[in-house]
């Protein structure tokens, strides 16, 4: 994604699928949001942008990326995240960048971060209530791998009766 495209997304403001963080100093809260996004419809967390939508950028070093990767270890089950570094400007020597992290809807939900499941409600992240957690867990168990979904041909010993489940 280019900076101009990102600015267009940011202009819409925080939402069910977008969380803005001023810097990676807020990485723990950002991971809670990534968890919530994965438990919902997926979305993006952007570092280097204030909650009001002002693009401020930040210095991104190897240490920054290592700290983020370490924080990502708190997801269970692990998430597939895409990270993109977007420079604020090509000719600028300040080295400021925006980090865009994208997550899709979790295949194996519910996802927790450090043992706690989160969900997105409008533009906020909250601890997922037990009823929602149980509902998602039951829904995830009702996949095509259920024994009832497998086609079996049961024929009686007389060979005349077939029952398909």
Exercise. Hey, among the residues in region 20-41 that are part of a helix (DSSP H, G or I) and without any contact (Cβ under 8 Å) to a residue 40 or more places away in the chain, which one's farthest from residue 110 (Cα to Cα)?
Worked result: 25
For this session: Identify, by number, the condition in (1) outside any helix (DSSP H, G or I); (2) within 21 Å of residue 26 (Cβ to Cβ); (3) at pLDDT 95 or above that residue 52 doesn't meet.
Result: (3)
Problem set entry | Set 42, 13: member being surrounded by fewer than 19 Cβ atoms within 10 Å (Cβ to Cβ), under 19 Å from the mean Cα position of the chain (by Cα) and under 16 Å from residue 126 (Cα atoms) | 42
Seminar exercise, completed: The one condition residue 91 fails out of (1) under 30 Å from residue 47 (Cβ atoms); (2) at pLDDT below 65; (3) in contact with a helix residue (DSSP H, G or I) (Cβ under 8 Å, 6 or more places away or on another chain) is (3)
Exercise. From the list 69, 131, which one is modelled with pLDDT of 95 or more, surrounded by fewer than 11 Cβ atoms within 10 Å (Cβ to Cβ) and over 14 Å from the mean Cα position of the chain (by Cα)?
Worked result: 131
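The values are calculated or read from the model by the stated rules, or taken from the named source; none is laboratory data. These numbers come from a predicted model, not from an experiment. For neighbour counting, all protein chains shown are included, and Cβ atoms are generated from backbone atoms with ideal geometry for every residue, glycine included.
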